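Q: Please read through the structure below; I'll follow up with questions.
Computed from the coordinates by the stated procedures, all read-outs in this text should not be read as laboratory data. What you are looking at is a predicted structure, and each value in this text was computed from that prediction instead of being measured. Cβ coordinates were reconstructed from backbone atoms using ideal geometry, including for glycine residues, and neighbour counts include every protein chain displayed.
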Amino acid sequence: MKMYRKKYYFITGLAIFILLISISGCSRSGSTQNMQGREEASIEWEDDEKVTLDWYVNYSWFTTKWGNDLVSRKITQDTGVDINFISPLGNETEKFNALISSDTLPDIITLGWWESQVDIMIINDMVYALNELADQYDPYFFEVADPLVCEWYTHEDGNLYCYPNSTYVPKDYEIYDNIGSNQTFLVRKDIYEAIGKPDMSTPDGFKEAIIKASEMFQAIDGEPIIPIGSHVFNEHGCVSFDQYLQNFLAVPYEKDGLFYDRYTDPDYIRWLKMFRELGEEGYLLDDIFIDNRIQMEEKLAKGRYFCMIYQRTDMEDQQKILYANNPNSIYMAVDGPKNSNGDDHVLPGAGINGWTVTFISKNCKHPDRAIRLFSYLMSEYGQKLTYLGIEGVTYDIVNEKPVVKEEVRELLNTDRQQYNNLYGADNTYWMFQDLPMQMQWKQEYEGPTKQLEEWTYPYTHYLGQYEVDFDVNSQAGNIDFNIKKLWGNVLPKLLLAPSEEEFDKIYQDFIDKRQALGFDIYIKESTKYMNEAKKKVGID
């Protein structure tokens, strides 16, 4: 079971010291010192010659270059570490598996916490234990690493092999009322308003809106309009049409103390059948089944989709392009599909798993410098730098609070790519972003992405206890993998089924095959995982 989170409290007192010592993996509590003191202490290793570390980021869309912008240059100046980012040009899974099989992992690796390669790298002794590197080279790591997150992510062998970003714990949701989910139902503003701002929360209303929008807007500015967009279809399905749709429908994760089978929920099937009807009538275009992320971003930047269930943070750059060209062509978040009771959406905010996890490979030429870089980026100093930039250049202190300069804010709201190239702040380097810590400096932006985030606030909940992540080599992990692969094959067939009878047949075949793969074991082990996760994060 993975566990750990980051809040950067400088803790004193013998009792708490003993508590921290007892935590596996992150089990130190060094003396309290501010980051300025840390920088002074780092002079010893800055005196070494500057080194370059290869950092693999397992996303084809990540194209950021190191060293051109203000923040990355400052990091190199402080740490003596240059970064050479590497990202896959094509299929992420194929590229990463090739690196593993050839034992050519780069120095540092960042990937999603749910990816099967996480366990593979640990089991095959391909990555360092961060706690051991910290013991040897940089005890400061234990001051900036959050004990609860460390505990969560500590492996069964007692070591901590990776550290996450974007983590929240349940208590954060009690403290803050402005934690947003990434999941939104988006409509193109001008089209939505032109067809009368219809209610798209029911299957009938949704279908009518799609048909009306398609009749009125076959093309805009010479660009054909795609009625419905989605995230990329992959070997495990498509989150827009499975997990995200289920969340909008408030399909529960558990019932009567057991992990719930969300894929057979009546409301979910009802909506899938409505999408099948739209597919039969020609409103699910081939584009959504075959496009990769880069192709989707090109279409988003031209406003070619009418509506989509999509992660708002994945389209912020394209939203700003649309806004700069025509403010009425941007996307806005509205209430999307709802269940038959009309219940509010239940959308997940980040949980204790976070988003990505970062490792140090045993191929790393300078593991001492890598662990110190981790500590630097995880510290309050590093978080403030990667979020705000440099005082006097990107922000000023006004009434004892940081305020981003107007010209910097304007560029951020209109041209994210140029902002990244010049400044590199606002979590351009997001691999260790600590969102709860950054709340103390949170800036209120009035740009075209604000409405997308604020729309999610009432619907956002902590759901991290349901993010089941089995060891890939366990029985449950193997069953989970095979069921996901089966679903990835079935979902497009359901959406493109020529009739409801064929849909029912395909669905029943899926249920039967899933059962034969060991679905009952999956539910049993998922329930166990869920209950253990609740205990570890303090959920009754």
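Q: Quick one: Kirkwood hydrodynamic radius for segment 316-367, alpha-carbon pairs, angstrom, one decimal?
A: Values: mean 1/r = 0.0620 Å⁻¹.
Value: 16.1 Å, from the Cα pair sum.
Q: Now a separate question. If amide H atoms are built 1.01 Å from N in the plane of the peptide, which residues on other chains or at least 5 residues away come under 5 Å of the amide H of Tyr395?
A: Ile390, Lys405
Q: For the residue pair Thr414 and Thr93, what label-to-label distance in nm results when each label sits 7 Å from Cα along the Cα-to-beta-carbon direction?
A: 4.3
Q: Each residue of segment 206-211 in turn: what ³J(HN,Hα) in whole Hz from Karplus with 6.51, -1.76, 1.60 and θ = phi - 60°, glycine and Pro shown as x?
A: So the J values, rounded to whole Hz, are 5, 5, 4, 5, 4, 5.
Q: Using modelled backbone amide H atoms (1.01 Å from N, in-plane), which distant-in-sequence or interchain residues come within less than 5 Å of Glu254's amide H?
A: Tyr260
Q: Also, quick follow-up: I need the phi-derived Karplus couplings for segment 197-202: 6.51 cos²θ - 1.76 cosθ + 1.60, θ = phi - 60°, integer Hz, Gly and Pro marked x.
A: 6, x, 7, 10, 8, 10
Q: Something else: So for the pair Asn234, Val393, with labels modelled 7 Å out along Cα→Cβ, what separation do we get in nm?
A: Once both label points are built, they end up 3.5 nm from each other.
Q: Express as a percent, rounded to the nearest 5, the fraction of DSSP beta bridges in the chain (both residues included) that run antiparallel.
A: The answer is about 65 percent antiparallel.
Q: So, in Å, what gap is there between the alpha-carbon centers of segment 117-167 and segment 457-533?
A: Cα centres, segment 117-167 to segment 457-533: 29 Å.
Q: With a ≥ b ≥ c the root eigenvalues of the C-alpha gyration tensor of segment 470-537, is it rounded (a/c under 1.5), prolate (a/b larger than b/c) or oblate?
A: Prolate shape, in that a/c is at least 1.5 and a/b is the bigger ratio.
Q: Continuing with the same structure: With 10 angstrom as the radius, rank Thr52, Thr110, Thr264, Thr167 by how many other C-beta atoms surround their C-beta, starting from the fewest.
A: Numbers: Thr52 16, Thr110 22, Thr264 13, Thr167 28.
By the 10 Å Cβ count, ascending, the order reads Thr264, Thr52, Thr110, Thr167.
Q: Sticking with this structure for a sec: Please tell me the relative contact order of the chain in percent, rounded to the nearest whole number, where contacts are Cα pairs under 8 Å and at least six residues apart.
A: Once normalised by length, the contact order is 24 percent.
Q: Here's something else I'd like to know. Determine the shape class of segment 183-349: with a ≥ b ≥ c the square roots of the Cα gyration tensor eigenvalues, call it rounded for a/c under 1.5, and otherwise prolate if a/b is greater than b/c, oblate otherwise.
A: prolate
Q: Can you figure out the FRET efficiency of Lys485 with Asn326, using R₀ = 41 Å and their beta-carbon distance, to the nearest 0.05?
A: 0.45
Q: Could you tell me how many degrees, from 0 to 90 and to the nearest 10, lie between the Cα long axis of helix 316-325 and the main elongation axis, the longest principal axis, of the Cα atoms of the chain?
A: For helix 316-325, the angle is close to 70 degrees.
Q: Using θ = phi - 60° and the Karplus relation 6.51 cos²θ - 1.76 cosθ + 1.60, list the HN-Hα couplings for segment 251-268 in order, rounded to whole Hz, with x at every Gly or Pro.
A: Ordered by residue, 3J(HN,Hα) equals 5, x, 8, 9, 9, 6, x, 10, 4, 8, 7, 5, 6, 10, 5, x, 5, 5 Hz.
Q: So how much slack lies between Lys401 and Ala194, counting 0.36 nm per residue of separation and subtracting their Cα-Cα distance, in nm?
A: 70.3 nm
Q: Gap in Å between the Cα centre of segment 375-445 and the Cα centre of segment 171-189?
A: Each part's Cα centre sits 20 Å from the other's.
Q: In addition: Hey, what did segment 183-349 get for relative contact order, percent, Cα under 8 Å, at least 6 apart?
A: Details: 238 pairs, mean separation 73.0, N = 167.
Over segment 183-349, the number comes to 44 percent.
Q: Let me ask something additional. What spacing in nm lies between the two simple spin-label points modelled at Gln443 and Ala516, each 7 Å away from Cα in the Cβ direction?
A: 5.7
Q: Moving to a separate point now. Tell me the mean residue ellipticity at 222 nm calculated for the chain from its helices only (DSSP H runs of n ≥ 4, each -39500 (n - 2.57), averaged over every residue, nearest 500).
A: That comes out to -13000 deg cm²/dmol.
Q: Can you tell me the FRET efficiency between Lys450 and Asp82 if r is taken as the Cβ-Cβ distance and R0 is 51 Å, rounded to the nearest 0.05?
A: Efficiency, from the Cβ-Cβ distance: 0.90.
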